[in-house]
Amino acid sequence: MFRLGYKSVIRNIQGIRYLSTKPTIGQPFKSQQELSNYLSNPQSNWSIQELLSNAGPEIISKRADGITRKTVDKMLKLSGLQANPEEYDELIQILKSQVMFIDHLHAVPELEVKAGQVGKPLGLNEIYEQIEQLEGSEDKGELENWDPLSLTNDSLNGQYIIKEGLIKNK
Amino acid sequence: MVRCHRLFSTSSPLLKKKQELLIPGYKLKCGLEIHSQLDTKFKLFSLSKTSFQSTPNSKISYFDASLPGTQPLLNPEALLFALKAAKALNSTINTFSTFDRKHYFYGDQPLGYQITQHYQPYAQGGFLKLLPHDNESITGEKIINIEQIQIEQDTGKSIYTELENEAFSKIDLNRTNIPLIEMVTKPDFETPEEIRCFIKKYQNLVRHLGICTGDLETGAMRVDVNISVNNGHRVELKNLSTTSSVINAIKYEYKRQIKLIESGETSKVIQETRGWDGSKTVRLRTKEGALDYRYMPDPELPPIILENGINESLKLPKLPDELMIELKNAPYNLSNKDASILVNDLKLLNYYFQLFEETVIKNKVESKLPGNWVIHELLGGFTKLQIEFNPNLINVLKLSELLISINNEQITKSSAKLLLQHLMNNPGDLKRPILELIDDYDLGKESNVDQDLIGEIINQVLEEQSEIVELIKSGKRLNSVKFLVGQCMRLSQGKIKPNIFEDELKLKLGI
């Protein structure tokens, strides 16, 4: 029951982006009640807890089982963050949940986008037409209509500043 | 005693100078990764303008600055430029390609990842041929195969600053999200000269396609090299900002690896990334320290799906190889060297074609004149002035006026050279017709040759150059008669045709 449930739900969630979209991805919920109704819909008979666990009969995430303190060390290094040793157990648990969730998602074959499923193939004429119509948008800050440095407290001669330096040769 | 051992490898006839660069028994193998900034009006996934010399952080959209909630949208012009490159490189264009995220944590990439094409690039395969007309060192045909070409974003620029008490990096995001294509070759290069030739040819190709400025110095094109000796571990060379630094780094690394092999320390040749500090290669990171990029498909970008046959419908301008053949044949009949000078400078090439049309085609001027005057006289004039060629300084119509006057024997070539030089130094006179200038400056060719004047000039030259005259008479320096002709031309200020002096001189000297 669970398996059928979450697959159909994933297929029906309107919030999943399969391709670049305009900002709207569905009508916003107008009230808490509306949101509760949506989630209590019989079709939504799925549980995030189950997706975050290794409990599914079909999907056992080997990747999640392989997450250790070494993995956390590596992730911290890659992301440039730090953590106290006492936080490691919790971090391992969080990483495992995330990996399991992703593995559950990967197990849904419908997520794979195949050639021909998205839009009409682009021809040369369409490309030329699209180029003709290109125009920057003020709403996207493409017309030099904003000051990028206004979002930072620290800048020097019009440049952002990253303290403590970066490695010279990445 | 017959010495029958070979002193150098003869297996590849492609490079005459190969033996000078390479050490027998140590086979060099290189591949290139070249990033080229596409010269589009807008960025790759936003429509902020691309600009290479703007105030820092002035050309960035919300997406370029990675503000939350922003999304990428592919710029079709970048796709078009990338397709042109693929076609020109004989690559197969994939009708289905996708974008992926390459994660790394660095201040010049605020998204935390670069959008690239890791799993399904838009183009694969292809080749570029190195031909004898590209470089005198290439005597055959060398094919450099291409692995793949992918579209990706450029990063911002970071400048590391170290002060007494602190170290920080300054970040300019103007370059962020400028479209790039990364072209990866197979490891088909066997000598540094082939690489030099390839880089020059690739630069010229993208310029002819109008998709990239091709400049290494400005960073519009960046070259990384993979190098191995005797199929040992592959070393990647990065941070190479000029062609000469690419070549010098390869030569240094080749010798460094050979030294290690010869001293029995082959295990020290490891898979690593090295940089070039101007005099030697230095370790940046080893395989163990290699970054884990955690590639994943970008969920915000749809795949690029192209029509079958888009490759055939894409039209390209005439490319350098075709132009070389055209220029070396009728009606142009240029030498390989002159054709190569033109093909490697698009502005000069267009100028030449226009001049040829105005003079040879429309006014029956002798076909060698435009080539000689553009490449030697005009370019020489710019060199003297120490400025770059500028087609507007002496425009095509003005130079064609001058060449028509030469062809109509209204001015000698040497006077015309003086007049051209004068015009380059005094652009104010460019408004006046050439014939009027010839009259005003008394540069007209003597139509009725004054035999007395010729005799006087010849006598003066024979007197001044008595030693050379003796050598000519004795038969030792017969060719020096040309020198005497030159002296006569100088005295006549170029107004009398040189063949008149030559005939008279030969008569007098009895040769």
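For segment B:489-511, a tally of residues being more than 24 Å from B:L443 (Cα to Cα), assigned to a helix (DSSP H, G or I) and open to solvent by 30 Å² or more (accessible area, probe 1.4 Å) returns 3. Within segment A:88-106, residues that are more than 21 Å from A:D73 (Cβ to Cβ) have Cβ atoms under 7 Å from residues that are polar (S, T, N, Q) in these pairs: A:D103/A:S61, counting only partners at least 6 apart in sequence or on another chain. Within segment B:434-488, being in contact with a strand residue (DSSP E or B) (Cβ under 6 Å, 6 or more places away or on another chain) and assigned to a helix (DSSP H, G or I) holds for one residue alone: B:I438.
Please verify whether B:K157 is within 14 Å of chain A (Cβ to nearest Cβ), of a type in the set (K, R) and either out of contact with any Ser or Thr (no Cβ under 7 Å at 6 or more places or on another chain) or free of Cβ contacts under 8 Å to residues at least 24 places away in the same chain (or both), treating the condition exactly as stated. Yes; evaluated as a whole, the condition is true for this residue. For beta carbons closer than 6 Å, sequence separation of 6+ or different chains, a first residue in segment A:126-140 that is charged (D, E, K, R) and a second that is open to solvent by less than 80 Å² (accessible area, probe 1.4 Å) and not in a helix (DSSP H, G or I), the qualifying pairs are A:E138/A:N145; A:K140/B:S61; A:K140/B:Y62. Taking segment B:312-390 and the helices (runs of 4 or more DSSP H) fully enclosed by it, the elements with 3 or more residues that are touching a residue at least 40 places away in the same chain (Cβ under 8 Å) are at B:320-328, B:336-343, B:346-356, B:379-385.
From the list B:Y295, B:Y352, B:Y332, the lone residue that is touching a strand residue (DSSP E or B) at 6+ places or on another chain (Cβ under 8 Å) and either within 14 Å of chain A (Cβ to nearest Cβ) or at pLDDT 95 or above (or both) is B:Y295.
Here B:Y106 qualifies as within 29 Å of B:A167 (Cβ to Cβ) and surrounded by 18 or more Cβ atoms within 10 Å (Cβ to Cβ). When each of B:K142, B:K186, B:K129, B:K87 is tested for being within 14 Å of chain A (Cβ to nearest Cβ) and of a type in the set (K, R), the lone residue that passes is B:K87.
The residues in segment B:402-433 that are under 15 Å from B:I496 (Cα atoms), assigned to a loop (DSSP other than H, G, I, E, B) and of a type outside the set (D, E) can be counted, and the count is 3. Set side by side, the residues B:K84, B:K129 differ, and just one is open to solvent by 50 Å² or more (accessible area, probe 1.4 Å), modelled with pLDDT of 95 or more and within 20 Å of B:L209 (Cβ to Cβ), which is B:K129.
Tallying residues that are aromatic (F, W, Y) and in contact (Cβ under 8 Å) with a residue 40 or more places away in the chain within segment B:36-72 yields 3. Apart from one condition, B:G214 fits all of (1) in a loop (DSSP other than H, G, I, E, B); (2) over 32 Å from the mean Cα position of the chain (by Cα); (3) not β-branched (V, I, T); the exception is (2). If you check every pair at least six apart or on different chains, which have Cβ atoms under 9 Å apart with a residue in segment B:459-486 that is farther than 24 Å from B:K413 by Cα and touching a residue at least 24 places away in the same chain (Cβ under 8 Å) first and a residue that is open to solvent by 60 Å² or more (accessible area, probe 1.4 Å) and among the polar types (S, T, N, Q) second? Between residues of segment B:459-486 that are farther than 24 Å from B:K413 by Cα and touching a residue at least 24 places away in the same chain (Cβ under 8 Å) and residues that are open to solvent by 60 Å² or more (accessible area, probe 1.4 Å) and among the polar types (S, T, N, Q), the close pairs are B:I472/B:N479. Only one of the listed residues (B:S466, B:S480, B:S414, B:S492) is hydroxyl-bearing (S, T, Y) and either assigned by TED's automatic domain parsing to the domain that holds B:L369 or touching a Cys at 6+ places or on another chain (Cβ under 8 Å) (or both). That residue is B:S414. Within segment B:99-119, the set of residues being facing chain A (nearest Cβ under 8 Å) and at pLDDT 95 or above is empty.
Just one residue in the set B:E326, B:E358 is charged (D, E, K, R), open to solvent by less than 60 Å² (accessible area, probe 1.4 Å) and touching a Ser or Thr at 6+ places or on another chain (Cβ under 7 Å); that residue is B:E358. Of the residues making up segment B:60-80, those that are open to solvent by less than 30 Å² (accessible area, probe 1.4 Å) and under 15 Å from A:L122 (Cα atoms) are B:N75, B:P76, B:A78, B:L79, B:L80.
Strands (runs of 3 or more DSSP E) fully within segment B:113-183 that include at least 3 residues being within 30 Å of B:L342 (Cβ to Cβ): B:127-130, B:142-153.
The values are calculated or read from the model by the stated rules, or taken from the named source; none is laboratory data. Note that the structure is predicted; figures quoted are calculated from it, not measured. As a convention, Cβ positions derive from the backbone with ideal geometry for all residues, glycine included, and neighbour counts pool all protein chains shown. Please note that ligands, DNA and RNA were not included when accessible areas were found on the heavy atoms of the full protein model with its side chains. Shrake-Rupley method; radii C 1.70, N 1.55, O 1.52, S 1.80 Å.
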